[in-house]
Amino acid sequence: MGDLTRVLKEDTALAGTLKDVAAALEQGLLYLHDSQVLIVDKGKTVFRSAMTIRLIPEEAKRRFVQSDFEPLYELDKKYAQLGLADVDLGFAGRKSANDPVHRAIKALQVGDPLFVVDAGGRLEMRNGQGITAGRLAQKFRLPIGTIESVTVSAIAHRSKRQVQDAGWAKTCKIDGWEVVLCSICLAGRGKTGSVTTGVSLAGKG
């Protein structure tokens, strides 16, 4: 930690932007831990091995072809793990108790595939039957890449009393509801994460 702190303080590009170097370092290490780049365990930091390259003797003189590089494409994938700030928390709460959205959410489990569609300029999460189970926040922007899959990562509970804005609270039609979070896998070889209206990005698993 001491060496990392010193390096950050000596970096002229970062020194002026970090108000609390220790806090920034801690957040960075926790992010790398959550991303499974390294493991932080009881004060120790262990880097994970990304890959092992071995040269097969009989292949040493052979020229590389396109198929040899296919496994490397997996390393080019990115994952967008959506949190509560990335979704419309009150979407299901603004629906009546008998709205199909509640049945759709109840049937979902972590790991289930989803579709993400552009519905009039807002991205929605839909199940295999095309029923909307949630909506992404208006400020959310898809990372660059071609979406390969979308899966349920968590289902959180939300209640009307958690809505602090009185105006938004008045739009709630039920006292409690669920909020679907998802994980989006993107292949970095794509040009953009934008979508075509009404066309699904992923979901058949």
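In order along the range 89-99, phi translates into HN-Hα couplings of 4, x, 4, 5, x, 8, 9, 5, 4, 9, 5 Hz, rounded to whole numbers, per the Karplus curve 6.51 cos²θ - 1.76 cosθ + 1.60 with θ = phi - 60° and x for Gly and Pro.
The residues packed around VAL117, meaning those with a beta-carbon under 13 Å from its beta-carbon, carry a net charge of +1 if Lys and Arg are +1 and Asp and Glu are -1. Kindly list the residues of the range 121-161 that lie in the label zone of VAL110, defined by a backbone N under 16 Å from the point 7 Å along the Cα-to-C-beta vector. Output list for this probe position: 151-157.
If the limit is 18 Å between Cα atoms, which of LYS78/LYS106; LYS95/LYS173; LYS106/LYS139 go over it? Cα-Cα > 18 Å for LYS78/LYS106; LYS106/LYS139; rest within.
Every number here is computed from the coordinates shown, using simple stated rules; none is lab data. Predicted model, so just to flag it, every value in this text is computed and none were measured. Don't worry about glycine lacking a Cβ; one is built from the backbone with ideal geometry, like all the others, and counts go over all protein chains shown.
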